[in-house]
Amino acid sequence: MSRIPIVIDCDPGHDDAIALMLAAASPEVELVGVTTVAGNATVDKTTRNALAVLELIGRTDLPVATGSDVPLERDLVTAEYVHGATGLDGPEVSEPTTRPHELGAVAFLAQILATSDQPMTLIPVGPLTNIAKLVAAHPELVKRIERIVLMGGSIGLGNITPAAEFNIYVDPEAADLVFRSGIDITMIGLDVTHRARLTSDHAEQLRPTGRAGAFVAGLLDFFVANYQRRMGFDGAPIHDALAVASLIWPDLVKTEPFAVEIDTTDGPSAGRTLVDRYHVTGREPNARVGTSVDSERFAGLLLERIASLD
Ligand code: RIB
Ligand code: CA
């Protein structure tokens, strides 16, 4: 079975960190590189966090390229209220000894796409600013993108506003460009990620399994308490890891083709993914959208893979 070459574009972030670890632990995919973007925290922090997580799991061989520090047009909105001041509050995180790649994220992605011997799958799990810039600056490389499996949006309610999910809300213009690009898009939104949760029981299962497991347990200690306090959830949704998992185990998340439009107004629904669930617009579908998930199986597989790291 050949490994699927992927690049993860992220804003670590607790769930981004777990997504990186899942990818690194999974033989089904080949994590070729990581790009960072401002979102959960400023891009200096998300980059530091990505470097630190990869060093913790012994993967300093993986390049991390720093991306956009602000959205295409709007002011940056960050999520310290979810991820803390560092973007990765909770466990001790040693300062990384490695530095980011000399290329910025867009140039790095362009180089990878232009030189790889096979098309690349991109997994953006933060605001889509880097991906939009890549598509706008390098239309000739779009054919080198096998598909985009993104965490973002929702058919139903939002999480940063009643209407919008955070990644799309931060940069609606970028999301609009990506969803209009014609690239094969899978949208893993809140409708499925809110059901892909890890609990404090899962943290206790992971804690004794080794350095990686203990680290994720520390992330969950913070993240589970945050979701309980803010949203009354029993368990924290590991949004970004579900995007990666849906590529590794395609039957984990059921997806259906829908037309998706992005609200780029400044109104109360700014950043909403308008998913034409009942095909009322007559528009051609431009994304496969997650509609259901095997939550138990996701949690079991994720724990197994994290525990296998070390
Ligand atoms: O809305 C959840 C998404 O926003 C996740 O990717 C989380 O990491 C934040 O980036
Ligand atoms: Ca994220």
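The values are calculated or read from the model by the stated rules, or taken from the named source; none is laboratory data. Being a predicted model, the structure only gives us computed values, none of them experimental. Reconstructed Cβ throughout: ideal geometry from the backbone, glycine too, with neighbour counts over all protein chains shown.
Considering only strands (runs of 3 or more DSSP E) fully contained in the stretch 198-306, which possess at least 3 residues that are closer than 24 Å to P172 by Cβ and out of contact with any helix residue (DSSP H, G or I) (no Cβ under 8 Å at 6 or more places or on another chain)? Break it down into steps so the answer makes sense when it comes.
Numbers: elements: 253-258, 260-262, 273-275, 287-293.
So the answer is 253-258.
If you go through the stretch 221-246, how many residues are more than 16 Å from ligand 2 (Cβ to nearest atom) and out of contact with any Lys or Arg (no Cβ under 7 Å at 6 or more places or on another chain)?
Our first condition is that a residue be more than 16 Å from ligand 2 (Cβ to nearest atom); within the stretch 221-246, this holds for 221, 224-225, 228-235.
From what is left, the residues that are out of contact with any Lys or Arg (no Cβ under 7 Å at 6 or more places or on another chain) are 221, 224-225, 228-232, 234.
Number of matching residues: 9.
Which of the helices (runs of 4 or more DSSP H) contained wholly in the stretch 1-98 include at least 2 residues that are over 12 Å from the mean Cα position of the chain (by Cα) and either more than 16 Å from ligand 1 (Cβ to nearest atom) or farther than 24 Å from L220 by Cβ (or both)? Spell out how you get there, then give the answer.
Values: elements: 14-24, 43-56, 80-83.
Because the criterion is at least 2 residues that are over 12 Å from the mean Cα position of the chain (by Cα) and either more than 16 Å from ligand 1 (Cβ to nearest atom) or farther than 24 Å from L220 by Cβ (or both), the helices (runs of 4 or more DSSP H) in the stretch 1-98 that meet it are 43-56.
Results for (1) over 17 Å from F108 (Cα atoms); (2) modelled with pLDDT of 95 or more; (3) within 16 Å of ligand 1 (Cβ to nearest atom), shown as yes or no for each residue.
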site: T121; (1), (2), (3): no, yes, no
site: P124; (1), (2), (3): no, yes, yes
site: L128; (1), (2), (3): no, yes, yes
site: H138; (1), (2), (3): no, yes, no
site: R144; (1), (2), (3): no, yes, no
site: G153; (1), (2), (3): yes, yes, yes
site: G158; (1), (2), (3): yes, yes, yes
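Right, H279: surrounded by fewer than 16 Cβ atoms within 10 Å (Cβ to Cβ) and either over 21 Å from the mean Cα position of the chain (by Cα) or within 16 Å of ligand 1 (Cβ to nearest atom) (or both) or not?
Values: surrounded by fewer than 16 Cβ atoms within 10 Å (Cβ to Cβ): yes; either over 21 Å from the mean Cα position of the chain (by Cα) or within 16 Å of ligand 1 (Cβ to nearest atom) (or both): yes.
Judged against the criteria, H279 is a match.
Among the residues of the stretch 246-261, is any surrounded by fewer than 21 Cβ atoms within 10 Å (Cβ to Cβ), more than 16 Å from ligand 1 (Cβ to nearest atom) and under 22 Å from P71 (Cα atoms)?
yes
Can you find even one residue in the stretch 89-102 that is crowded, with 20+ Cβ neighbours inside 10 Å and within 22 Å of G153 (Cα to Cα)?
If we filter the stretch 89-102 for residues that are crowded, with 20+ Cβ neighbours inside 10 Å, which is where we start, we get 90, 93, 100.
Among the residues that remain, those that are also within 22 Å of G153 (Cα to Cα) are: none.
Checked against the condition, which is being crowded, with 20+ Cβ neighbours inside 10 Å and within 22 Å of G153 (Cα to Cα), the stretch 89-102 yields no hits at all.
Among the residues of the stretch 227-238, are any farther than 25 Å from L31 by Cα, more than 13 Å from ligand 1 (Cβ to nearest atom) and of a type in the set (K, R)?
Yes, some residue in the stretch 227-238 is farther than 25 Å from L31 by Cα, more than 13 Å from ligand 1 (Cβ to nearest atom) and of a type in the set (K, R).
I'd like the residue in the stretch 108-133 that is among the hydroxyl-bearing types (S, T, Y) and over 17 Å from T186 (Cβ atoms) and, out of all such residues, is surrounded by the fewest Cβ atoms within 10 Å (Cβ to Cβ). Spell out the reasoning first.
In the first step, residues of the stretch 108-133 are kept if they are among the hydroxyl-bearing types (S, T, Y); the result is 115-116, 121, 129.
Filter once more, so that each one left must be over 17 Å from T186 (Cβ atoms): 115-116, 129.
Numbers: T115: 8, S116: 14, T129: 34.
Selected residue: T115.
Do we find that D61 is under 24 Å from Y169 (Cβ atoms) and of a type in the set (D, E) in this structure? Break it down stepwise before answering.
Numbers: under 24 Å from Y169 (Cβ atoms): no; of a type in the set (D, E): yes.
It is false that D61 is under 24 Å from Y169 (Cβ atoms) and of a type in the set (D, E).
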